[in-house]
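Here the structure comes first, spelled out in structure tokens, and everything after it is commentary.
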Amino acid sequence: MLERTLGRTGRSVSIIGLGTWQLGADWGDVDENAALDVLAASVDAGVTFFDTADVYGDGRSETIIGRFRRENPDARLTVATKMGRRGAQDPAEFTLANFRAWTDRSRANLGVDTLDLVQLHCPPTPVFSSDAVYDALDTLVEEGAIANYGVSVETTAEALAAIARPGTATVQIILNAFRLKPLDEVLPAAREAGVGIIARVPLASGLLSGKYTVDTTFAENDHRTYNRDGSAFDVGETFSGVDFATGVEAAQAFAAALPSGVAPAAAALAWVAAQDGVSTVIPGARNRAQAESNAAAGSLELPPTLDATVHEIYDRSFRAAIHDRW
């Protein structure tokens, strides 16, 4: 497993990490033993970066990771969590007092004194340009509650605002073969500033696995059922905001462009990881086999024509509909 420096944290992390939203049961039920097995399989395969959030299962994801760390004290891990979605999405809520309360809860869930990396969790856009917010985050670093801070964003403008701040260590953003907008400005700006890029939703909520058809259905408590219209949270988090049927067709074209024996999911992850400026990619996994398959993408050699194919599919299927929106 290759490793890269995670922006201004200075930490070395695996290019394929693990996103743990699904361990909070927002992708259908995952029992605790299965969740721990996913974490173990990932670490066994060379993964050294976990991404979670205080709202994933109302802290369940953090708590499971905390248990795993206690039971595996020798595992070399960087754990990033997120905060800011527990209360009203009002810029006035993003205060030092709330930050302390939220990080104290995450520290307890994860069983650590100092959080490795805390990211603002897709807050209202004005938060990204608030001096008081960054001052509060700097205070948490000074107090030792957090080692580093970053942001998770929905739009490129939010990413660029955060990158301009000297204390921002990382930016987490949706980046996959169906969402290329960050390649235009965000990745170049991050490289210039030394900010790490954490690429989330790299498989477009599973579309790029090539396993779905237009008739595929998901559980009622799976966001791929209840958030297709963005009624629960930003629609970009579900299938990258693309129309499901269009996404299925594009995924079939992506799979058809791969050599025999190369799994679409592995190729999609490896393509994201190969983008200049990406520090780590955080696919989710619901079982050991998925975790091992994801990690294997960290050493996959891609066909030299794949990048051009990705752009061709994107231009044909998605650019007119979604590129400007994000």
Open item on the list: Taking R0 as 25 Å, what FRET efficiency do you get between S12 and E292 from their Cβ-Cβ distance, rounded to the nearest 0.05?
Closed with: 0.70
- [ ] Find how much the distance from A132 to D229 grows on full extension, using 0.36 nm per residue of separation minus their present alpha carbon separation; answer in nm with one decimal.
- [x] 31.6 nm
- [ ] Give me Rg over Rh for the stretch 104-185, both radii from the alpha carbons and Rh done the Kirkwood way, two decimal places.
- [x] 1.01
- [ ] Would you mind working out the magnitude of the charge dipole of the stretch 169-281 relative to its Cα centre, with +1 at each Lys and Arg C-beta and -1 at each Asp and Glu C-beta, to the nearest 20 Debye?
- [x] 260
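For the stretch 127-255, give the percent of accessible area contributed by carbon and sulfur heavy atoms, probe 1.4 Å, rounded to a whole number.
Here it works out to 48 percent.
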Open item on the list: Per 0.36 nm of contour for each residue apart, how much would the distance between A321 and E93 grow if the chain were fully extended, relative to their Cα-Cα spacing?
Closed with: 78.7 nm
TODO: Any chance you could give the angle, 0 to 90 degrees and rounded to 10, that helix 264-273 forms with the longest Cα principal axis of the chain?
DONE: 50
Task: Relative contact order of the stretch 168-298, pairs being alpha-carbon contacts under 8 Å that are 6 or more residues apart, as % - done: 31
Task: Distant-in-sequence amide H partners of Y149 (H built 1.01 Å from N, under 5 Å) - done: V118, A169
Open item on the list: With a 1.4 Å probe and all protein chains kept in place, how much accessible area does E32 have, in Å² rounded to the nearest 10?
Closed with: 70
TODO: Calculate one ³J(HN,Hα) per residue across the stretch 180-195 by plugging θ = phi - 60° into the Karplus curve 6.51 cos²θ - 1.76 cosθ + 1.60, and present them in order as whole Hz with x for glycine and proline.
DONE: 9, 3, x, 5, 5, 10, 5, 5, x, 5, 5, 4, 4, 8, x, 8
Open item on the list: Under 8 Å for C-alpha pairs, at least 6 residues apart: give me the relative contact order for the stretch 150-243, rounded to a whole percent.
Closed with: 25
TODO: Can you figure out the FRET efficiency of A245 with E143, using R₀ = 56 Å and their beta-carbon distance, to the nearest 0.05?
DONE: 0.65
TODO: Using a 1.4 angstrom probe, figure out how much accessible area the stretch 157-201 has per residue, in square angstrom, rounded to the nearest whole.
DONE: 27
TODO: Just need the relative contact order of the chain here, percent rounded to a whole number, with Cα pairs under 8 Å and 6+ apart.
DONE: 22
Task: Cα lying deepest toward the dipole's positive end in the stretch 237-326, options T309, S240, A253, charges on Cβ - done: S240
Open item on the list: Which residue fluctuates most in the GNM of the chain (Cα springs below 10 Å): A169, A265, A92?
Closed with: A92
Open item on the list: How much accessible area per residue does the stretch 1-82 have, counting only protein heavy atoms and a probe of 1.4 Å, in square angstrom?
Closed with: 36
- [ ] Tell me which label goes with the value of P(r) over Cα pairs in 20 Å bins from 0, in percent computed from the coordinates here: (1) 28, 50, 21, 1; (2) 34, 61, 5; (3) 32, 53, 15, 0.
- [x] (2)
Task: Tilt relative to the chain, helix 60-71 - C-alpha long axis, 0 to 90 degrees, to 10 - done: 80
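The values are calculated or read from the model by the stated rules, or taken from the named source; none is laboratory data. Since we're looking at a predicted model, the values are computed, not measured. A quick note on method: Cβ atoms are made from the backbone with ideal geometry, for glycine too, and the neighbour counts reach across all protein chains shown. Side chains are part of the model used for accessible areas, which takes the heavy atoms of the whole protein and leaves out ligands, DNA and RNA. Shrake-Rupley method; radii C 1.70, N 1.55, O 1.52, S 1.80 Å.
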